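The structure appears right after this line, and notes come after that.
The values are calculated or read from the model by the stated rules, or taken from the named source; none is laboratory data. Fair warning: this is a prediction, and the values are worked out from it, not measured in the lab. Virtual Cβ from ideal backbone geometry, glycine too; neighbours counted across all protein chains shown. For accessibility, only protein heavy atoms count, side chains too; no ligands or nucleic acids. Shrake-Rupley method; radii C 1.70, N 1.55, O 1.52, S 1.80 Å.
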Amino acid sequence: MSRFAGVLKKVSDGLDLPQPTRSRILLEMAGDLEDLYEHHRGQGLDEDQAARRAEEAFAVSDEALKHLARIHERNSGLAERVTRQVGTWWEKVLLVIWLLAVILVSEAVVTEVHFFVIISPFVWPIVGLALAALAFTLWKLYQLFLRKPTDPRSFRSGLGALLFLAAASLAISVTGFFYHLRWYAFQVWDGGPEKMFGLLSNWILAISSLMIIGLLTAIFTALVWFLLAGLVARAENRQAAVLLAPA
Amino acid sequence: MNQPANGPPTVEIQNLSRDCHEALLLALLAAGPHHGYQLALELEQKSEGAFRFNHGTLYPILHKLEQVGLIRGDWLDEQTKRKRKSYSLTEAGRTRLARQIEAWRSFFFNFFSVIGEETP
């Protein structure tokens with residue numbers, strides 16, 4: 001709740017920006033408004049006069065708001081624009097169903113007896129990326145629910161790293177695929193047609209496990225990014241809602 | 001502010017207002033970290049009311065300077081548990097301020113030369 005909810009509401013309405021970015025601007029203004037109010041109070045003004053003086057000083061023109069929006073427009077990345085789309089209950093249900101489907105498919109594939117018969121060396125860096133994504137996710141959840149940092153930007157900071165890990169996993173899978181393709185082609189060339197069938201089945205086993213692990217890691221990491229970005233947006237929106245609630 | 005390849009930096013007439021705001025804010029922040037409202041108050045006090053920043057117009061300037069890396073914004077809680085943003089000058093900001101001061105000195109020298117007065 002803020003005594004300046006009216007001023008902040010006007011700013012909020014005039015800023016055509018995604019809510020998280022808008023929340024950060026409102027938080028800054030709310031802090032400064034309160035401090036300016038305290039400053040005027042310290043100079044001997046009564047509560048109403050101090051509040052009025054602070055509000056007058058913060059009169060933001062439409063032009064200034066447009067300018068502010070233009071500055072932040074370029075910074076409001078894909079994450080903020082995409083994650084604010086998931087708002088309705090059915091969108092959330094669809095997201096959960098998708099996540100469960102990915103988990104079930106992963107479980108069915110990975111527990112298959114023959115899955116790990118031939119492991120490509122490219123699988124290990126992907127496993128490393130998956131572990132890094134897991135560690136980052138746990139850190140973010142700790143930050144969001146337990147540590148609750150002061151800087152609202154730190155909720156969001158580093159979230160893009162998950163997308164990078166997902167992309168890196170895909171890139172390693174594709175690189176591994178072409179590496180194995182080339183390697184087995186040379187083996188067949190050297191070994192002759194009688195070895196072809198055995199080599200082909202080995203190749204299929206190696207690249208199938210590599211591609212499945214790579215794709216699943218990428219999908220999982222991207223999904224976790226999406227869910228975390230949604231949680232971050234909710235946390236930022238809650239902060240803004242508190243500010244805009246009348247005192 | 002324009003930085004010719006050889007020669008001192010110069011203030012461009014068409015960007016007077018922008019450069020003036022930038023130089024004033026960087027100069028205030030050179031003294032130490034400030035909150036947005038403190039910058040506006042201090043500017044008014046130091047200039048004895050000659051320069052006044054409406055807080056509404058202050059934020060776009062501050063955010064732009066932060067975006068280009070001349071200043072840095074940090075969030076503080078302090079004792080009040082109220083979230084407040086404090087700005088401080090970066091190294092790039094310090095370098096920019098030095099150039100701004102040089103540019104403004106040169107601008108006023110040229111200005112008073114044209115109107116036939118000595119630089120005060």
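The table that follows gives values for the structure above.
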item	result
The stretch B:15-99: GluC sites (Glu not before Pro) in DSSP loop, at most 16 other beta carbons within 10 Å	B:Glu48, B:Glu78
The stretch B:13-115: proportion of alpha-carbon pairs further apart than 21 angstrom, %	37
Phi-based couplings in Hz for the stretch B:86-98 (Karplus 6.51, -1.76, 1.60; Gly and Pro marked x)	10, 10, 9, 7, 8, 4, 4, x, 5, 4, 4, 4, 4
Degrees between helix A:47-57 axis and first principal axis of chain A (Cα, 0 to 90, nearest 10)	60
Computed label-point distance, nm, for sites B:Thr95 and A:Phe116 using a 7 Å Cα→Cβ extension	5.3
Signed unit charges on C-beta, dipole axis of the protein assembly as shown, positive-most listed residue A:Thr111, A:Trp189, A:Ala222	A:Thr111
Net charge dipole size for the stretch B:13-115 [Lys, Arg +1 and Asp, Glu -1 on Cβ; Debye, nearest 20]	200
Built amide H within the under 5 Å cut-off of B:Ile71, gap 5+	B:Glu66, B:Thr90
Size of electric dipole in chain A: Cβ of Lys, Arg +1 and of Asp, Glu -1, about Cα centre, debye, nearest 20	300
Among A:Val11, A:Val110, A:Val123: highest mean-square fluctuation, GNM of chain A, C-alpha pairs under 10 Å	A:Val110
Degrees between helix B:16-30 axis and first principal axis of chain B (Cα, 0 to 90, nearest 10)	50
Tilt relative to chain A, helix A:123-142 - C-alpha long axis, 0 to 90 degrees, to 10	20
Equivalent-ellipsoid semi-axes of chain A, from the Cα gyration tensor, Å, largest first	55, 16, 14
Peptide B:29-41 - average C-beta neighbours from other chains (10 Å radius)	3
Rounded to the nearest 20 debye, dipole of the stretch A:104-227 from Cβ charges on Lys, Arg, Asp, Glu	620
Average other protein chain Cβ within 10 Å of Cβ, residues A:26-37	6
Rounded accessible area per residue of chain A, 1.4 Å, Å²	55
Label-point gap, in nm, between B:Ser47 and A:Glu63 - each point 7 angstrom along Cα→Cβ	1.7
